[in-house]
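Each remark here refers to the structure printed beneath this line.
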Amino acid sequence: MARAARTRFHSPDELKEHGLAQLREAVSLVGNTASPEELDDYRQFVVTLADKVAAAHREHGQSVSPAETAAIQDITAAVG
């Protein structure tokens, strides 16, 4: 049985940057084979998913917290 690769991150920022790099890599891979319209659809899917996950739970009376809003902005920038 294959073992899953485990990566340990030393800080929340390191984890965040790794996640954003993974998103950039995914967009690049999709862009290598997809049409421009399909790539745009993929980007929109990722951002919409992030929006829906952020809005799934209210915190302090807000549907999307400031930290979640910042994360969505980072994700949007990462996927182009």
Once you charge only the Cβ atoms, +1 for Lys and Arg and -1 for Asp and Glu, what is the size of the charge dipole of the chain about its Cα centre, to the nearest 20 debye? 400
With all protein chains modelled, accessible area of Thr69 [1.4 Å, Å²]: 60
Give me the one-decimal nm value for the distance between modelled label points at Leu29 and Arg8, 7 Å along each residue's Cα-to-Cβ direction. 2.6
For the chain, which longest stretch is free of loop sites, where a loop site is one of the trypsin sites (Lys or Arg not before Pro) that DSSP puts outside H, G, I, E and B and that has at most 11 other Cβ atoms within 10 Å? 9-57
Return the label of the correct value of Cα Rg over 2.2 N^0.38 Å, as calculated from the structure shown, out of (i) 1.13; (ii) 1.28; (iii) 0.99. (ii)
Could you sort Val53, Val27 by accessible area so the largest value comes first, with the probe set to 1.4 Å? Val53, Val27
Accessible area of the chain with a 1.4 Å probe: how many percent of it is carbon plus sulfur? 56
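The values are calculated or read from the model by the stated rules, or taken from the named source; none is laboratory data. If you're wondering where the values come from, they're calculated on a predicted model, not measured in any experiment. Quick reminder, even Gly has a Cβ in these numbers, built from the backbone with ideal geometry, and neighbours come from all protein chains shown. All accessible areas refer to the heavy atoms of the entire protein, side chains included, with ligands and DNA or RNA removed. Shrake-Rupley method; radii C 1.70, N 1.55, O 1.52, S 1.80 Å.
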